[in-house]
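The values are calculated or read from the model by the stated rules, or taken from the named source; none is laboratory data. Values in this document were obtained by computation on a predicted structure and should not be read as measured data. Because the Cβ atoms are built from the backbone with ideal geometry, glycine has one as well, and the counts that use them run over all protein chains shown. In case anyone asks, the SASA skips ligands and DNA or RNA and just uses the protein heavy atoms, side chains included. Shrake-Rupley method; radii C 1.70, N 1.55, O 1.52, S 1.80 Å.
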Amino acid sequence: MIRLVRAEFTKLATTRLIYGLTAVMAAFAVLTVVAGIAYAGREGNPSLSADSLSTIVAAPVTLLSGAALLLGILGMAGEFRHQTVTQTFLVTPDRGRVVAAKLVAYPLAGITLALSILAITAAVATGWLAAKGITPSLPEPVAYALGHVLLGAVLAAGLCALVGVGVGALVRNQVAALVGVAVWVLLVEGLLMSLLNAPSSLAKWLPSAAAAALTNPGGAGLSRLAGALLLTGYALALALIGTRLVVRRDIT
């Protein structure tokens, strides 16, 4: 099993997917820093101060989950799109172990991606604030709260990558998987819930609300622990169904 996980990491390291996604997210992180500093003190936004670092660093956490989800989908469904899955299953006929290796490798890759982007954001924000003559500070209560938000963001990235692998195994068609996720998030969880005036007691059990609870507990109606458990449940259910279908279906 360890050999298969290493093989998945080797695939990631030798393809442009992880580097391209990291570059895009790093660019977005820099933009959030620029926007946070440029609009400070305008339109009701608080002015820059030594305490601004926590707000700026936490700005990109929401999209980290989306990036990890995308990574998981492309990592699994991409094998079918580019027909590399045939060679993969010829080398390792036990399809269940192959999918299991992806279920281990891609959440770890998603966590690594999240940590990298958060580190870049913190470095750029600290340097920019220092250039403006502001020495960033993190009082203990602020540092504690920020630590929980960042920890939740990293956990959400890992779980969303796991969800992505499950979706990719379930759908197999890369385009259909990406479009399906977009439709689910934008239409089913967004527009449809608004049109039906669904109560918050129903909306909080959706996957997006579970992911949001990890970085904003209480705001989505769930605690951080409840959100983590719910998102883990969704991830494991999709992974189990997707693995079973990969094992049973013809890959051609």
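Brief remarks follow.
- Residues of the chain: accessible area per residue with a 1.4 Å probe, Å²: 51
- Separation in nanometres of the label points that stand 7 Å from Cα toward Cβ, at TYR144 and ARG16: 4.8
- Only Cα pairs under 8 Å and 6+ residues apart enter the sum, and on that basis the relative contact order of the chain stands at 26 percent.
- Sulfur and carbon atoms: percent of accessible area, the chain [1.4 Å]: 69
- Cα→Cβ-extended label distance, 7 Å offset, between TRP184 and ARG244, nm: 1.6
- Heavy-atom accessible area, probed at 1.4 angstrom with all protein chains present, ranks LEU150, LEU90 as LEU90, LEU150, highest first.
- Axial C-alpha extent at least 24 Å, average Kyte-Doolittle at least 1.6 - helices from the chain (DSSP): 17-38, 140-171
- Residue among GLU79, GLU189, GLU140 with the largest mean-square fluctuation in a Gaussian network model of the chain, springs linking Cα atoms under 10 Å: GLU140
- Eligible lysines near LYS11 by straight Cα distance, threshold 30 Å, same-chain separation 8 or greater: LYS102
- Net charge over other residues, Cβ less than 11 angstrom from the Cβ of VAL165 (K, R count +1; D, E count -1): -1
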